[in-house]
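Comments concern the structure below.
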Amino acid sequence: MAILGIDIGGSGVKGAPVDTERGELLQERFRVPTPQPSDVSSVIEAVAEVAAQFDGYDRVGATFPGVVVDGVTRTAANVDKSWLDAPAASLFAERLGMPVSLLNDADAAGVAEVAFGAGHGQRGLTMMLTFGTGIGSALFHDGTLIPNTEFGHLELNGKDAELRASDRAREQEDLSWEKWAARVEEYLRHVEMLLSPRLFVIGGGVSKKADKWLPLIEIRTPIVPATLLNNAGIIGAAVTAAQADGHPGPIPVDADQPN
């Protein structure tokens with residue numbers, strides 16, 4: 001049976017049933033704007049609206065734009081502060097009437113890319129970075145997720161990195177692709193210095209325009225655009241739900257590894 005994946009972002013809540021064996025959406029995704037204010041009850045109803053568009057599933061995987069530990073949301077950088085320490089997975093499960101697995105949105109995107117996309121089969125450290133409302137990060141070692149890394153909040157030039165290098169910062173400051181790419185490169189060099197990953201996978205909405213800015217980035221680590229684009233969060237959430245068997249938190253992802 002299909003599993004419903006729902007991706008909760010700072011600007012939109014979108015979802016679709018997912019074939020978790022092939023990593024594909026089974027129907028066209030449905031999206032609603034993230035409520036403003038994005039408090040707990042309003043976002044839960046938005047998720048329920050998305051879920052109501054589909055049938056034939058008995059489990060839900062959902063993402064959240066913040067740290068998630070055992071189904072509890074610990075941070076809320078880009079959503080309402082009412083999410084701090086909320087038992088989110090339980091609240092979603094109660095509203096939807098079925099098991100819900102919940103994990104960080106960037107972690108979910110990374111799970112999908114490691115299972116089916118640009119990070120598949122990679123050994124060593126692979127880092128997925130999503131550039132959107134903020135900067136999300138997902139770190140994998142030999143295909144196993146190290147959850148809730150939150151490297152988008154590293155300090156860079158005295159500021160939270162995502163305040164300078166997120167896609168929202170590009171739009172708000174009306175930066176050219178060249179100027180924004182310079183900021184992204186500075187950020188990636190900092191992460192590169194800290195972790196020495198073998199591969200950066202770039203996701204988020206701006207990944208659809210990778211040809212405009214990725215060629216401008218010059219760093220030592222290979223960097224590639226995500227292949228699942230904006231569907232990665234939905235797919236990764238559903239894959240996590242399939243493997244977790246109703247457990248509310250993220251679990252390791254088994255990627256096929258070369259000998």
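Report, by chain and number, residues whose modeled amide H sits under 5 Å from the one on residue 69, excluding near sequence neighbours (fewer than 5 apart, same chain).
Placed amide hydrogens put 74 under 5 Å from residue 69.
Please list, in order along region 78-90, the HN-Hα scalar couplings obtained from phi with the Karplus expression 6.51 cos²θ - 1.76 cosθ + 1.60 (θ = phi - 60°), rounded to whole Hz, x for Gly and Pro.
Here the 3J(HN,Hα) series is 10, 9, 4, 5, 5, 7, 4, 6, 7, x, 4, 4, 5 Hz.
Ranked from highest to lowest mean number of other Cβ atoms within 10 Å per residue, what is the order of the peptides 28-37, 4-13?
With the highest mean Cβ count within 10 Å placed first, the list reads 4-13, 28-37.
Skip the ligands, DNA and RNA, and give the accessible area per residue of region 155-228 with a 1.4 Å probe, whole Å².
Details: 4010 Å² over 74 residues.
I get 54 Å² per residue for region 155-228.
Relative to the first principal axis of the alpha-carbon coordinates of the chain, what is the inclination of helix 105-116, with its axis defined by its Cα atoms, in degrees from 0 to 90 and to the nearest 10?
That works out to roughly 90 degrees.
Which angle between 0 and 90 degrees, to the nearest 10, do you get for helix 177-195 versus the longest principal axis of the chain when only C-alpha atoms count?
Relative to the chain, helix 177-195 is tipped by roughly 80 degrees.
Name the residues whose placed amide hydrogens come within less than 5 Å of the amide hydrogen of residue 130, ignoring near sequence neighbours (fewer than 5 apart) on the same chain.
136, 137, 203
With contacts defined as alpha carbon pairs under 8 Å and 6 or more residues apart, what's the relative contact order of region 32-191 in percent?
Computed over region 32-191, the figure is 15 percent.
Take the Cα gyration tensor of region 157-230, multiply each eigenvalue by 5, square-root it, and list the three semi-axes largest first, rounded to whole angstrom.
Computed over region 157-230, the values are 18, 16, 11 Å.
At what distance in nm do the modelled label points of residue 224 and residue 176 sit from each other, each positioned 7 Å from its Cα along Cα→Cβ?
3.1
Determine the order of 127, 193 by accessible area, beginning with the largest, at a probe radius of 1.4 Å.
The most accessible residue leads, giving 193, 127.
How long are the three semi-axes of the equivalent ellipsoid of the chain, in whole Å, if each is the root of 5 times an eigenvalue of the C-alpha gyration tensor, listed from largest down?
Working from the Cα gyration tensor, I get semi-axes of 28, 21, 16 Å.
Please sort 220-230, 113-123 by packing, taking for each peptide the average over its residues of neighbouring beta carbons within 10 angstrom, highest first.
Details: 220-230: 17.8, 113-123: 21.6.
My ranking of the peptides, most packed first, is 113-123, 220-230.
In whole Å, largest first, what are the principal axis extents of the Cα atoms in region 10-61?
The Cα atoms of region 10-61 stretch 36, 20, 15 Å along their principal axes.
What accessible area per residue comes out for region 18-148, rounded to a whole number of Å², with a 1.4 Å probe?
Heavy-atom SASA per residue in region 18-148 reads 39 Å².
Starting from the Cα of residue 186, step 7 Å along the direction of its Cβ; do the same at residue 141; then give the gap between the two resulting points in nm.
It is 3.1 nm.
Relative to the longest principal axis of the chain, what angle (0 to 90°, nearest 10) does the C-alpha long axis of helix 40-51 take?
For helix 40-51, the angle is close to 80 degrees.
Given a 1.4 angstrom probe, I'd like the percentage of the accessible area of the chain that is carbon and sulfur, rounded to a whole number.
The C+S portion of the solvent-accessible surface of the chain is 47 percent.
With each pseudo-label sitting 7 Å past Cα toward Cβ, what's the residue 41-residue 155 distance in nm, one decimal?
If labels sit at residue 41 and residue 155, their model points lie 3.9 nm apart.
The values are calculated or read from the model by the stated rules, or taken from the named source; none is laboratory data. Note that the structure is predicted; figures quoted are calculated from it, not measured. Using ideal geometry, Cβ is built from the backbone for each residue, glycine included, and neighbour counts are taken over all protein chains shown. Please note that ligands, DNA and RNA were not included when accessible areas were found on the heavy atoms of the full protein model with its side chains. Shrake-Rupley method; radii C 1.70, N 1.55, O 1.52, S 1.80 Å.
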